[in-house]
1. Ala39 fails exactly one of the following numbered conditions: (1) surrounded by 23 or more Cβ atoms within 10 Å (Cβ to Cβ); (2) modelled with pLDDT of 95 or more; (3) closer than 22 Å to Gly252 by Cα. What is the number of that condition?
2. Do you know which of the residues in the range 345-376 that are outside any loop (DSSP other than H, G, I, E, B) and among the acidic types (Asp, Glu) is surrounded by the fewest Cβ atoms within 10 Å (Cβ to Cβ)?
3. Conditions: (1) part of a strand (DSSP E or B); (2) among the aliphatic types (A, V, I, L, M); (3) touching an Asp or Glu at 6+ places or on another chain (Cβ under 6 Å). Ile379 meets all but one. Number of the miss?
4. Please report, ordered by residue number, the strands (runs of 3 or more DSSP E) entirely within the range 1-117 with at least 1 residues that are more than 21 Å from Ala247 (Cβ to Cβ).
5. I need the full set of residues from the range 271-291 which are in a helix (DSSP H, G or I) and acidic (Asp, Glu), in order please.
6. Does the range 324-336 contain at least one residue that is touching an Asp or Glu at 6+ places or on another chain (Cβ under 9 Å) and surrounded by fewer than 15 Cβ atoms within 10 Å (Cβ to Cβ)?
7. Are any residues in the range 206-239 hydroxyl-bearing (Ser, Thr, Tyr), more than 15 Å from Asn321 (Cα to Cα) and touching a residue at least 12 places away in the same chain (Cβ under 8 Å), and if so, which ones?
8. Determine whether Ile354 is of a type in the set (A, V, I, L, M), closer than 26 Å to Asn291 by Cβ and either more than 23 Å from the chain's Cα centre (by Cα) or modelled with pLDDT under 95 (or both).
Amino acid sequence: MSLNVLLGLQWGDEGKGKIVDVFASKYDVVARFQGGPNAGHSLEFDNVKHVLHNIPSGVFHKDTLNIIGNGVVVDPIILKKEINELKEKGINVNSNLYISRKTHLILPSHRILDAASEAAKGKSKIGSTLKGIGPTYMDKTGRNGIRIGDIEDDRFLEKYNFLKDKHKSLLNQFENFDYNIEENEQEWFDAIEFLKNYRFVDSEHIINNLIKENKSILAEGAQGTLLDIDFGSYPFVTSSNTICAGACAGLGVAPNNLGNVYGVFKAYCTRVGSGPFPTELDDNDGEKLQNQGNEYGATTGRPRRCGWLDLPALKYAIMLNGTTHLVMTKADVLTKFKRIKVCTHYIMEDNSKIDYFPYDQYKIKESIYKEFEGWEEDISEINDYNKLPNSFKNYINFIEDETGVPVELISTGPDRKNLIEK
């Protein structure tokens, strides 16, 4: 059986956590393949909201195996807290959580380096979550990193101190930046001891054996396509490959083992932090989207920038991922807008008109929109596609016609039950 992939098609925050949770009951395994605690996957059911950062969103299904893959970076302190919060809610992950030995560890000094680097950028800052993600991936590619498997090594403390000393020398290059690496060290080492109670595995072997056994596997992406280190709006991106190809490297599976690719996108667009955003709204409509959508980061709490759906960017993401099925989220947020807009083209600085996502999005001078009639009806309690307002169905049909990909599911609220199968 092939491995299916579910990921975001925008700048993250598309609502992937809820969709993975809904899908998880149909899968034997859910595996995270990249990112770290900068991710915030929100799920809501039984009137309780859950936010996951490192743990795959299949954890709420007791018969689903959850794997943190080698492409992920883990902060032991945050992971310990996340596990304990789940236990407090009656979710025991001892038996159904595996962690790849090749997963890289975020050290306390990584977080300090992240803060120092972001502070030094001044007005040019990227908008980092300051979780130490970037410096950890830098050590990974620089061949200096410490991995989960190193915890089992007798020389673990020696490796830790070597990397910490390296970080200290780097931090000394930042003028007037005060730090205390030792402040969180004890908590970090306590969390390391805590994680020893969980299964460290050679996940690439396990996943490939599960594929041979015809087990159903869902690879869960974090962040979004437009934050990909290679293909996103660089340098305002994350430090990992968020696209479908990242699932191969982040889990150790061959491309010919990939099956369906489910691309999740909001009915509009949002972005957290700095970076180009062609359809951003600085008017009443933008404020209305932010308020009705409760657009605040699940990890940082920062308000999200809001704008209309960007079709060239969506087509670009679909192309990069080989998306086979679309999932629209937060459709209910567009309720009570008299007119809804979709960006179809850009006007560039040289006055050329293009319909594709360009290399330098800062050279986009203007976005060209197609308008649609809005609707007044509350669609959050509708479970039958045929009962949706015609104006909303026209909106869906346009997206399908333009992208050539079917919209399979429509989310109309945060709860599991707020879902329409088309």
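The values are calculated or read from the model by the stated rules, or taken from the named source; none is laboratory data. Bear in mind the structure is a predicted one, so any value in this text is a computation, not a measurement. FYI the Cβ positions are ideal-geometry reconstructions off the backbone, even for glycines, and counts take in every protein chain you see.
1. Going through the list (1) surrounded by 23 or more Cβ atoms within 10 Å (Cβ to Cβ); (2) modelled with pLDDT of 95 or more; (3) closer than 22 Å to Gly252 by Cα, Ala39 breaks only (2).
2. Looking at the filtered set, the residue picked out is Glu371.
3. Against the list (1) part of a strand (DSSP E or B); (2) among the aliphatic types (A, V, I, L, M); (3) touching an Asp or Glu at 6+ places or on another chain (Cβ under 6 Å), Ile379 comes up short only on (1).
4. Hits in the range 1-117: 41-45, 48-52.
5. Listed by number, the residues that qualify are Asp285, Glu287.
6. Yes; the residues of the range 324-336 include at least one that is touching an Asp or Glu at 6+ places or on another chain (Cβ under 9 Å) and surrounded by fewer than 15 Cβ atoms within 10 Å (Cβ to Cβ).
7. Ser216, Ser233, Thr238, Ser239
8. Here the answer is no, as Ile354 does not meet what is asked.
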